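Let me begin by presenting the structure, written as structure tokens, before commenting on it.
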Amino acid sequence: MRNVPGPDLNHPDSQKLELSCGTGGVDRCLRAQITTYYFGHWQMHEPELTDMPDPISYRRIRGSCHCGNIRVTFDRPDSGPAIPVRACGCSLCTKHRAVWTSHPDGQFYLRIADDSRVRRYRFGTKTADFHVCLTCGVIPIVTCVIEGIRYAVFNVNTFDDVDRSQLVETAASFEGETTENRLARRRRNWTPEEVRSEGEDWAASC
């Protein structure tokens, strides 16, 4: 196979692209518009608007324990005012009257002011951490680490800025579920944590 030359960034088309892409983006944008090498010439086209995915809008929901030591920010894809929530029938959720929600395409941030005042309680399969505030006793979030990624569900009774009429509750029971199936379900349905680089302002989100 003969070598095919790459695009000429000094080509007149690059000047047109520079107007919309900026100098640093000419190479990226020019290459994005090249589709085939045909009879010795690069064939170029303007990208179709239909080829570009629609941007996802998020609804930011904040929650916390009663004293504010544990704070959660949940960015949920905004698909309308209704929020599906699950009333788990296990003994712990029943005793705490906890009702949960999550979204696999969302993201969350967890901020703990004083980690020494938080107990991570496990029971059953011991694969999830119930974050219990030792000061006020509230559980705003449950997390589970799967293959290095932390996923979470959120107690809707700890949300600070959601009208309860928007919560659509259904009963849920996971009795008899194997550990393997439980982890697979969480990976499908729970919300992954947003990983931030060092130096980013977590307080701005929570």
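No lab work stands behind these numbers, since they all come straight from the coordinates. Predicted model, so just to flag it, every value in this text is computed and none were measured. When we count neighbours, we look across all protein chains shown, and the Cβ atoms used for this are built from the backbone with ideal geometry, even at glycine.
Quick check: pseudo-label points 7 Å beyond the Cα along Cα→Cβ at CYS136 and GLU175, how many nm apart are they?
Rounded to a tenth, the inter-label distance reads 3.3 nm.
Please figure out what share of the DSSP beta bridges in segment 72-206 is antiparallel and state it in percent, rounded to the nearest 5.
Here the share of antiparallel DSSP bridges comes out near 75 percent.
With labels modelled as points extended 7 Å from the Cα through the Cβ direction, what inter-label distance (nm, one decimal) is found for ARG150 paired with LYS95?
Modelled inter-label distance: 2.5 nm.
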